[in-house]
1. So if I average 1/r over every pair of distinct C-alpha atoms in chain B and take the inverse, what Kirkwood radius in Å does that give?
2. How much accessible surface does A:T121 have with a 1.4 Å probe, in Å² rounded to 10?
3. Can you give the average number of partner chain beta-carbon atoms within 10 Å of each beta-carbon in peptide A:402-409, as a whole number?
4. When the solvent-accessible surface of protein heavy atoms is calculated with a 1.4 angstrom probe, in what order do B:D64, B:D150, A:D417 fall, highest first?
5. Within 10 Å of each candidate Cβ there may be at most 15 other Cβ atoms; applying that plus a DSSP loop requirement, which GluC sites (Glu not before Pro) in segment B:71-162 survive?
6. At a probe radius of 1.4 Å, what is the per-residue accessible area of A:F56, in Å² to the nearest 10?
7. Could you give the radius of gyration (one decimal) and Dmax (whole number) of the Cα atoms in segment B:226-290, in Å?
8. Taking the Cα centre of segment B:226-290 as origin, sum charge times position over the Cβ atoms of Lys and Arg (+1) and Asp and Glu (-1), and report the length of that vector in debye to the nearest 20.
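The values are calculated or read from the model by the stated rules, or taken from the named source; none is laboratory data. Note that the structure is predicted; figures quoted are calculated from it, not measured. Glycine gets a Cβ as well: all are built from the backbone with ideal geometry, and neighbour counts include every protein chain shown. What goes into the accessible areas is simple: the full protein's heavy atoms, side chains included, and nothing from ligands, DNA or RNA. Shrake-Rupley method; radii C 1.70, N 1.55, O 1.52, S 1.80 Å.
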Amino acid sequence: MSAGLTDILSVAPRLSWLTGPIFDKELRVSSRRRRNYVLRSVYVALLSVFILYVWFATVSFGRAASPAVFQVSRMARVGKNVITAIIWFQFVAAQLIAIVMLSTSISGEIRQRTLSVLMTTPINSLQIVMGKLLSQLLQTVLLLGISLPLLAIVRIFGGVPWDYVVSSLCITLTAAVFAGSLSLLMSITSRQAYTVVLTIVTGYLIVFGVLPSLIGLLSPGARGFFESIAFQGNPFMTMLMRTYVMLALPGRAGTFSSWPLHCAIMLGATAGVVALAVWRVRKIALSKAFGGGKGQSNPAEMGKPASRRRRRRAALPIRRVDGPPVVWKEMRKPFSRRGKRVIILYAVLAGMILVSFVPMLFTGRGRGGAGYALFYYLVSGFSLIAIVRLAVLSAASITSEKEASTWPILLATPLDDAEILRGKAIAAFRRNVPLLAALVLLHIAIRLFMRFGGPSALYSWLYLIPEVITLAGTVVLVIGLGLYFGIRLKSTNAAVAATVGVYVGLAYFCCGMFSNLLLYPLLLRGGGGPGRRLYMLVSLTRTVFVGLAYAGLGILALRRARRRLRYSVF
Amino acid sequence: MIKTQNLSKNYGDLTAVGNLNLTIEQGDIFGFIGPNGAGKTTTMRILVTLLEPTHGTAFINGLDVRKHGKKVRRLVGYMPDFMGVYDDLKVFEYLEFFAAAFSIERRKRKGIVEGVLELTDLQSKQSATVDSLSRGMQQRLGLARVLIHDPKVLILDEPASGLDPRARIEIRELLRELKRMGKTIMISSHILSELEEICDHIGIIEHGRMVFSGTLADIRPHLGIQSKVRVKVTANQDKAVELLSALPPIREVEVVDDYISVTFHEGKEGDGLIARSLVEAKFDLVSLQPEQLKLDDAFLQLTKGMVH
Ligand SMILES: Nc1ncnc2c1ncn2[C@@H]1O[C@H](COP(=O)(O)OP(=O)(O)OP(=O)(O)O)[C@@H](O)[C@H]1O
Ligand SMILES: [Mg+2]
């Protein structure tokens, strides 16, 4: 890897009018960072697990379904499935990685007060932006390179056309470039990496997930036309179309989709985002360098005129401390630093939910697939937001004290370790109550509006109980993990990433994939009748069990956190 | 009141504090000085139970800091070198939060907070948000916070850094006032002239080892420094030099600029003798001024100026 890097470094000077010395510096620094090695190993590990899962799922599913026919078409089918899996994994991973890698690109410079120093050198803001963008994207591409040999090997099984591989790689690359530039743009005004990541992911869910479903739901007549427009700028839909074509699935008749056009659109959009970023970087750097005054010393106030916010807060009345001090202090924090914007975001989300319910109310039923898809996006979007917010609130309640060096002061008070942890946990939960309540309501709403008939209605209501138990378990787990990593790690970003990462690993890979593997045969063997009931019973118990296991793990994490509380105060 | 026994703290191979023994009596102000990286902050952190020592123990008011963490924390007010503030809170709320953390009853808190605000001259700022305060104000707020639970022992790590001269003088006054109230204070600072004025005892530490500990008066014989006097006469300076050189307790006489610098033999003082001799010989004595031993000089002599 390092040989590759030095090669690239030697080519870099030719591009220097565009990237300047920043690119060079970034590559040198990032090859030294432990973060990148961790990222690479995690990527490879996840990819392998994922491929193995797809492999076994295809094989066991196929065998159970039709043992005789299976032998003949087995290899081609497995090959296609595995390739699709790799390509989709790459596609999602590349975007996520690009977003994460660039999420502190400008805010980091501002925090270290190097941005205004940079602006006093002959480096211009285009060079800063491009240097950052290209160097991090290069890391992303190198990461993708790891899975290329795999693609080549799996192609031996046959059945996968080259043009699918090529077109999907192009779609992946342009999507990653776009996501990265968006992340860079946001990092100009957002201090914390997780705000950037969360906002972009939520935005993606809305624009690329909820919106297309809404269009499909609301305008059945002109569907093909609207969808064609909405899909053309939507990397996920374009990718989906390519996959449909490759797997020779019916897809969506009447919807136009061209991947080269899509890639061109994405590159154009990237150029626009970059231009905006260049403009904003210059503006902010200049205001840092000249407009600031003495109040600018606080990095918390970056990117905004500090005095306005201060005046607003100064006008609030003094509140007396009530109850346990740690809880009180956490609850005293504003809902979000960028109050209004977040509230608007939630209002938009709520509006979309309402809009999506209305047609179902009138037509009586959610329109099959589109309705389910919409609910699916809403529930997963909400769960994601709730979990990440919970992770942020619990992890940051400790790491932000470390970052602001108030942690030693708090620990020098006679508050018990358990008291501090309990206070932080309670506050994290209480601050997240509205979102959690919304999530439970959403689960109830699905059942109300979907109007299942017959025995599955009862089953779907019955299933609410384990779902709520799992949710409660998840809350305990995420708070436990958040506080644990908050205590073990120094930076908020690392602690939040570790919490979300471990949770996703547990939830998706351990509880999701492998228990699914165990359940498949059961589902298939039964067919209908008693077998189906057995399957339901098993999956019900599984969900309860998972909830309880989460809660147990969460409590374990809290106990570990308590034991480690005073290990690394500084 | 504060006592350490062979206190050591290692970070890997690096010995931040090595076999440190120190005793601070009740009601003393103890100045803790040493070059950068000497181990002052580390020692203080151990004393306030935020760091575990590698070896040795420390006692505060007879309580072992390793065993009675919570009791020690109640006794001690600690002001760290880099003090953070909760930027979402107002000054009053910030102080009340800590009052609550020290489990002071709710109805008593208001009075206590107002008391410390007055003591640190921050009343006018009580509804300002903490992060809008200037550096010096935040420092004062830190001091106010330290005092909120009326601790017996104060451990202050560079409390005067970043303060303007006026605020420094105010802090000095405040510390004197606290001493009068019977508190034991351990204070580290790089501004030696400041410590000189308020400290009863000083400890000089280098590479984690105590190179000197005692009163300022002790430091003179410790270093083998003799006392010096500056003498100024209106005329006939040369004759005055001759006269003074003949006096028995005087070791050295030299002319520096427009005054005469007189050095006595070790342990001897003779201001009166000089004055009497000069006046009897009809010199016009303008001034007679003992030359202060600067803590700075002692510091330079005792430490080797190596930063690790
Ligand atoms: N967490 C740590 N890990 C490793 N070494 C440390 C750590 N904290 C302090 N040290 C080392 O311990 C030594 C003593 O540091 P300390 O902060 O106590 O010095 P100090 O006397 O307070 O210096 P200053 O006057 O600069 O504040 C230094 O060499 C420092 O590098
Ligand atoms: Mg220090």
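1. Its Kirkwood hydrodynamic radius stands at 21.9 Å.
2. Using a 1.4 Å probe on the heavy atoms, I get roughly 50 Å².
3. Mean shielding by partner chains, rounded to a whole number: 6.
4. Sorted by accessible area, descending: B:D150, A:D417, B:D64.
5. Here the sparse-neighbourhood loop sites are B:E105.
6. Estimated to the nearest 10 Å², A:F56 gives 110 Å².
7. 10.4, 30
8. Dipole magnitude for segment B:226-290 comes out near 140 debye.
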